[in-house]
1. Among 283, 505, 159, pick out the residue whose Cα is farthest towards the positive end of the charge dipole of the chain, where Lys and Arg carry +1 and Asp and Glu carry -1 on C-beta, about the Cα centre.
2. Using modelled backbone amide H atoms (1.01 Å from N, in-plane), which distant-in-sequence or interchain residues come within less than 5 Å of residue 491's amide H?
3. Calculate how steeply helix 242-260 sits against the longest principal axis of the alpha-carbon atoms of the chain, using the helix alpha-carbon long axis, and give the answer as 0 to 90 degrees to the nearest 10.
4. Compute the acute angle (0 to 90°) between the alpha-carbon long axis of helix 174-195 and the principal axis of greatest extent of the alpha-carbon atoms of the chain; round to the nearest 10°.
5. Which residues in the range 391-422 have a backbone N closer than 16 Å to a point placed 7 Å from the Cα of residue 462 along the Cα-to-Cβ line?
6. Computing the accessible area with a 1.4 Å probe over protein heavy atoms, can you report the carbon and sulfur percentage for the chain?
7. Please list 3J(HN,Hα) in residue order for the range 498-504, calculated via the Karplus relation 6.51 cos²θ - 1.76 cosθ + 1.60 where θ = phi - 60°; whole Hz, with x for glycine and proline.
8. Before anything else, pin down the relative contact order of the chain: Cα pairs under 8 Å, at least 6 apart, normalised by residue count, whole percent.
Amino acid sequence: MNNADDIIKKLENSLMTVNVSPKTQNIGVVEKVMDNIVIASGLSKAKMGEEVLFNDGTPGLILNLDEDEVGIVLLGKTEKLEEGGIVKTTGNILSVRAHEDLLGRVINPVGLPLDGKAAVKSGKAMPLERIAAGVIERQPVDTPMKTGITAIDALFPIGRGQRELIIGDRGLGKTAIAIDTIINQKKNNDKAKKSNGGKRLLCVYVAIGQKQSTVAQVIEKLRETGALDYTIIVAANAADQVSLQYLAPYAGIAIAEYFLEKGEDVLIVYDDLTKHAWAYRQISLVLKRPAGREAYPGDIFYLHSRLLERAVRLNKNFGGGSITALPVIETQADDISAYIPTNVISITDGQIFLKSDLFNAGVRPAIDVGLSVSRVGGAAQTGAMKSVAGRIKLELAQYKELAIFAQFGSELDQATLNQLERGKRLTEILKQPQYSPLSEAEEILSIWSVTNGFTDDIKVEEIQKFEKAYRQYVATHEKKLIETLSSGAKLDEKTIESLKKVTVSFKKTFS
């Protein structure tokens, strides 16, 4: 039997094994194998993004289409792959299976379980690559997505359907902000479950290129707080193939879109897209694509724009669901003007910038108020938060200017000194321990008490102790007031009088 007959026989056997009709097949031959990349010839009908199978059953993804060859990235580890082997197309665009049963699970980007449990076989196959919803399907962002972090909810509010970038150097707490936001959804989801009419918010956490131990810590914290019940973890760890790191965020958004189609609200965290860009650069260089700035390929902007554009708030005619995206980007030496950071800043609806100087000075979360922004603004805030947030923005901005001026040691008048002291107290209430998200009512209490001068006679180092005791006091003695603040309604005169009364009453007991 000659070589052609051998190949045909192998092919027929492999087709029967994978249950794919030979009529839909396009057969090719492996020409070259290099660093998880395969160059194959003969696949004349191959499509970009199509899934292929090698003769040992290993899956691959077509990422390059040349005149005579195709570039394929491997989606599984194999030692049997060699030049001259058979590769065949499947006619399917790469997809991941999504279902309600994935909640509380840890999977890899191709849907294989990483938590030791059985694979989810039911559900719908969601394509990893998909065109984002059009303008007609969307509606403006107008519903808050509360993070539980005072500095963000008051100054840089995030709405359902928004894309808010978390950016900063390594080790400044970017992941902590994202995890706090996921944990903070538990109260909302518990309330929605009890009322049977409320809308829950599901979460997808995508770990890209992280250490396995780091991902394990995140999973354990989510399990400990009860947040894992409504969260799906998609993990492509640092030790995994670079192709899986490249596919991880697309798998995450595909799963999120499954719930979006059901009219649900979803929060997706990409941690982080810097490592995603590194993975794509590595693949592109091996595929011999032309390298541009910082050795990234020319379509690096498109890599992230087609991903982040899939975050959306749909109108009622299309289900009314939403996907809120929190991409994470790592900077070097606080440089947000580098290539990848500026790319992602231009795609998103604002950024939360964490600065190393603030972190080292003990301000945590180390959010730089000057360089952080939310382009949705007050549209993503309740009336109650708007009532107090406008004033804190103004007073913080004035404090920053005066603090710079005061460094020169000039003699300052009493009004300026008072403003500086107020600014110090505002800075203190924006400090918050990790894994301790606050309700909106608690945030409003802290902001209101400081901006209205009730803490001016409290020492700066006592502010956090004062605020904690104050929130507990109001929650115990004025439950009706807490309910009013939690309703989101704008503060009226009656509510303000109640706030004044309870604050004065508490100050008599605080020492």
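1. Comparing the listed Cα positions along the dipole, 505 ranks first.
2. The list, which skips near neighbours in sequence, is 387.
3. 70 degrees
4. Approximately 80 degrees, to the nearest ten.
5. 422
6. Values: 12000 of 23420 Å².
Roughly 51 percent, rounded to a whole number.
7. Per-residue couplings from phi come out as 4, 4, 4, 4, 5, 5, 4 Hz.
8. Working: 947 pairs, mean separation 77.3, N = 511.
Taking the mean separation of contacting Cα pairs over the length of the chain, I get 15 percent.
The values are calculated or read from the model by the stated rules, or taken from the named source; none is laboratory data. Here the structure is a predicted model, which means the values were calculated and not measured. Neighbour counts are summed over all protein chains in view; Cβ atoms, including those assigned to glycine, are modelled from backbone coordinates with ideal geometry. Each accessible area value is taken on the protein alone, full model and side chains, heavy atoms only, with ligands, DNA and RNA left out. Shrake-Rupley method; radii C 1.70, N 1.55, O 1.52, S 1.80 Å.
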